[in-house]
Amino acid sequence: MELAYYSDYAVRLVNTEEPARGKDSLTSIEAVRDLFGANQSAARRATDADVTRFRSVRGRLRSVFEAADKGDETLAVDLLNSLLLEFPVSPQISGHDHRDDDGRPLWHMHLADHPSNATAGYAAIAAMGLAFHLTEYGVDRLGLCEATPCRNAYLDTSTNRSRRYCSDRCATRANVAAYRARKRLEADRSDRTGLAADSAQRTSANGERRGGSGR
């Protein structure tokens, strides 16, 4: 089963919106069709009505990632199960047009959707792909980027479950911000230490002058 491929449907849809930045790229039928990637036959089914429907599914998928990010496994699974019930698929063996060196079909499992509209087809594949990823790798492999204010969704495929950012760009930005914050903290501490030392020296000097005037 092409787990990474199908689960990426969910990530692509969720990341068409960046709530913290007030950005939303899912505003036209062309944007909907772009989400299907190479699956152009499914993309051609999209109509203007799918823009609103896609946004609704997007919000529900983001809720799955948000629950997982908060460590609420039961809620994440319940939300995903509701999508699976509403948008079912049928697993089928497919060879498409791909052949091996001997001319035999390269058989693999394929998720066949039976949609009433483009949104239903996309949602079915996205939900099933995410479900396979969750059950195979764990709920904690569904994350939201920690780089403020990004919060894009990602799937953690690292060997040690260490991923925290949606991209190298966000990781770099977060590391730079953390480095600058440490430098500011060190500078503040140095300033406070210097002020304390100056104060101690002034106190000592004043004490010596008072002591000298009394002799």
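Observations on the structure shown:
- Boolean, Arg161 is on the phi > 0 side of the Ramachandran plot and modelled with pLDDT under 90: yes
- Taken across the range 2-9, residues that are over 13 Å from the mean Cα position of the chain (by Cα), part of a loop (DSSP other than H, G, I, E, B), under 16 Å from His133 (Cα atoms) and modelled with pLDDT under 95 do occur, with at least one present.
- Any hit, the range 139-150, residues being on the phi > 0 side of the Ramachandran plot, surrounded by fewer than 21 Cβ atoms within 10 Å (Cβ to Cβ) and not in a helix (DSSP H, G or I): no
- Of all residues in the range 44-59 being outside any helix (DSSP H, G or I) and open to solvent by 50 Å² or more (accessible area, probe 1.4 Å), the one that is nearest to Phe87 (Cα to Cα): Arg45
- Members of the range 88-128 found to be at pLDDT below 80 and among the β-branched types (Val, Ile, Thr), listed by number: none
- Residue in the range 151-174 that is most open to solvent (accessible area, probe 1.4 Å), counting only those that are over 12 Å from Asn15 (Cβ atoms) and among the charged types (D, E, K, R): Arg169
- Among the candidates Val57, Val64, the residue that is farther than 17 Å from Leu26 by Cα and among the aliphatic types (A, V, I, L, M) is uniquely Val64.
- Residue within the range 121-132 that is farther than 27 Å from Thr52 by Cα and either open to solvent by 80 Å² or more (accessible area, probe 1.4 Å) or of a type in the set (Gly, Ala, Ser) (or both) present: no
- Among the residues of the range 84-100, some residue qualifies, meaning at least one is out of contact with any Ser or Thr (no Cβ under 9 Å at 6 or more places or on another chain), assigned to a helix (DSSP H, G or I), over 30 Å from Glu146 (Cβ atoms) and open to solvent by 40 Å² or more (accessible area, probe 1.4 Å).
The rows are residues; the columns are (1) in contact with a strand residue (DSSP E or B) (Cβ under 7 Å, 6 or more places away or on another chain); (2) farther than 21 Å from Arg151 by Cα; (3) open to solvent by less than 70 Å² (accessible area, probe 1.4 Å); (4) not hydroxyl-bearing (Ser, Thr, Tyr).
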residue: Tyr9; (1), (2), (3), (4): no, no, yes, no
residue: Val14; (1), (2), (3), (4): yes, no, yes, yes
residue: Asp24; (1), (2), (3), (4): yes, no, yes, yes
residue: Ser28; (1), (2), (3), (4): no, yes, yes, no
residue: Ala42; (1), (2), (3), (4): no, yes, yes, yes
residue: Leu61; (1), (2), (3), (4): no, no, yes, yes
residue: Ala68; (1), (2), (3), (4): yes, no, yes, yes
residue: Thr74; (1), (2), (3), (4): no, yes, no, no
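One line per residue, one yes/no per condition, for (1) more than 20 Å from Asn152 (Cβ to Cβ); (2) among the hydrophobic types (A, V, I, L, M, F, W, C):
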position	(1), (2)
Val64	no, yes
Asp78	yes, no
Ser82	yes, no
Ser94	yes, no
Asp100	yes, no
Trp107	yes, yes
Pro115	yes, no
Ala118	yes, yes
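The values are calculated or read from the model by the stated rules, or taken from the named source; none is laboratory data. Values in this document were obtained by computation on a predicted structure and should not be read as measured data. With ideal geometry, Cβ positions are generated from the backbone for all residues, glycine too; neighbour counts draw on all protein chains shown. Surface areas here come from the heavy atoms of the whole protein model, side chains and all, with no ligands, DNA or RNA. Shrake-Rupley method; radii C 1.70, N 1.55, O 1.52, S 1.80 Å.
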